[in-house]
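Input: a single structure, listed below in structure tokens.
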Amino acid sequence: MELNKLKEIPHRRYNPLMQEWVLVSPQRTQRPWQGQLEKPETEAVPRYDPKCYLCPGNARAGDARNPTYESTFVFDNDFAALRLDVPRVTVTGSDSELLVAQTEMGICRVVCFSPRHDLTLARMKKNDILPVVEVWSEQYEDLAGRQEIRYVQIFENRGAMMGASNPHPHGQIWANQTTPNVPRQEQSALLEYRQRHHSCLLCEYARLEDAEQERVVCQNDFFLAIVPFWAEWPFESLVLSRRHIGDIAALDAHERLALADILQRLTTRYDNLFESSFPYSMGFHQRPTDGEEHAEWHFHSHFFPPLLRSATVRKFVVGYELLASSQRDMTAEDAAARLRALPEEHYLR
Ligand code: H2U
Ligand code: ZN
């Protein structure tokens, strides 16, 4: 049976990157909603906020004060989830393999994308996102060079709905001693695929999506932004490099600008979808920094936006998702078509 016959039939799709299934129920997209409505972010945001702990020149927690920075600015998180000064120990409770704990070393940093309090990636120019790509790359290399750090997670929580504590455009970096669960699962899938096919899962996938175009949202010479076939969140997307590279530091000057370009265009489409500042969590998956080559890794970025059908109705990951399997209603193809139909000029411009 062809895939387009599944448009109205409940089915499950395989996520080869996580090696798990997602349940798709396209017949359910019309169901009524009488549940919780979120508050859209409508408050006007000033260019500079004297109370913001990320704006240039302002005070942070403790005695710290930000410099009067003019582009990007990175600092060690004042409330870091990880630190370096911990002893290396594994603790096993009462000789049982059921109670196992290990100390974990790491470094947490905050990356301000711009001195302007009122901007977002979507509202920044491609040329102003370039320094953000450069600072991510420098941070990855700097942290990779430290013997204690074996994995670097770069991410952004955008919007109050995703738990961002502040509208000032910023992201975080958590770098630690061990590879966390999600990249570890992806790594094992990438490795298995490589051993079985002598090729890269994500290189093959990029070629296939490029040929079909059905799930492509936007693209340039170096990157594709797609709603993956196995997307779980309604408007989830995957930014894939066409070239097989393991990490952000391997991008050349053209590719760094191309990454800035695709991030700018994708986030603008997101904002235009519901004409609101679109919330999401995004981040990069790249090879661990444990000194191994990791030829299986293919640099990419995931966007996980919570919104479902408007700026005020979100998807809840509850019940079935928590207990059984991830699930979605609208198909990935429909989500991609909606995002593809939007203009790339920001609605506020
Ligand atoms: P989020 O908005 O994604 O929570 O990121 C903001 C981070 O900034 C958060 O991790 C840190 C918080 O710990 N922070 C400081 O490091 N210093 C401060 O003065 C306030 C917040
Ligand atoms: Zn600010």
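Details
- Any chance Asp49 is within 14 Å of ligand 2 (Cβ to nearest atom) and in a loop (DSSP other than H, G, I, E, B): yes
- Residue in the range 248-299 that is nearest to Leu224 (Cα to Cα), counting only those that are of a type in the set (Lys, Arg) and touching a strand residue (DSSP E or B) at 6+ places or on another chain (Cβ under 7 Å): Arg265
- Long-range neighbours under 6 Å by Cβ, at least six apart or interchain, first residue under 20 Å from Thr178 (Cα atoms) and basic (Lys, Arg) within the range 90-116, second modelled with pLDDT of 95 or more and open to solvent by 50 Å² or more (accessible area, probe 1.4 Å): Arg109/Asp76
- Residues being in contact with a Lys or Arg (Cβ under 7 Å, 6 or more places away or on another chain), open to solvent by 20 Å² or more (accessible area, probe 1.4 Å) and within 30 Å of Arg146 (Cα to Cα) - total across the range 282-317: 2
- Each residue in the range 50-83 was checked for being open to solvent by 30 Å² or more (accessible area, probe 1.4 Å), within 11 Å of ligand 1 (Cβ to nearest atom), touching a Cys at 6+ places or on another chain (Cβ under 7 Å) and in contact (Cβ under 8 Å) with a residue 60 or more places away in the chain, and 2 of them qualify.
- Failed condition for Asn157, given (1) touching a Ser or Thr at 6+ places or on another chain (Cβ under 7 Å); (2) outside any strand (DSSP E or B); (3) polar (S, T, N, Q): (2)
Yes/no per residue for (1) within 19 Å of Gln19 (Cα to Cα); (2) out of contact with any helix residue (DSSP H, G or I) (no Cβ under 6 Å at 6 or more places or on another chain):
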{"position": "Glu232", "(1), (2)": "yes, yes"}
{"position": "Ala258", "(1), (2)": "no, yes"}
{"position": "Tyr270", "(1), (2)": "no, yes"}
{"position": "Leu273", "(1), (2)": "no, yes"}
{"position": "Arg287", "(1), (2)": "yes, yes"}
{"position": "Gly291", "(1), (2)": "no, yes"}
{"position": "Pro306", "(1), (2)": "no, no"}
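- Qualifying residue in the range 123-138 (condition: farther than 20 Å from Arg256 by Cβ, away from ligand 2 (no atom under 16 Å from the Cβ) and part of a loop (DSSP other than H, G, I, E, B)): no
- Among residues of the range 160-171, those that are within 14 Å of ligand 2 (Cβ to nearest atom) and in a loop (DSSP other than H, G, I, E, B), counted: 6
- Count of the range 326-349 residues, restricted to those that are open to solvent by 30 Å² or more (accessible area, probe 1.4 Å) and not in a helix (DSSP H, G or I), is 8.
- If the condition is being away from ligand 1 (no atom under 16 Å from the Cβ) and either buried (at least 21 other Cβ atoms within 10 Å of the Cβ) or of a type outside the set (A, V, I, L, M, F, W, C) (or both), then the range 97-114 contributes Glu97, Gln102, Thr103, Glu104.
- Failed criterion for Val86 (all others in (1) in a helix (DSSP H, G or I); (2) surrounded by fewer than 15 Cβ atoms within 10 Å (Cβ to Cβ); (3) among the aliphatic types (A, V, I, L, M) hold): (1)
- Taking the criterion of being in contact (Cβ under 8 Å) with a residue 60 or more places away in the chain and more than 19 Å from the chain's Cα centre (by Cα), the only residue of the range 204-240 that qualifies is Glu214.
The values are calculated or read from the model by the stated rules, or taken from the named source; none is laboratory data. Please read all numbers here as calculations on a predicted model, not as lab measurements. Using ideal geometry, Cβ is built from the backbone for each residue, glycine included, and neighbour counts are taken over all protein chains shown. For accessibility, only protein heavy atoms count, side chains too; no ligands or nucleic acids. Shrake-Rupley method; radii C 1.70, N 1.55, O 1.52, S 1.80 Å.
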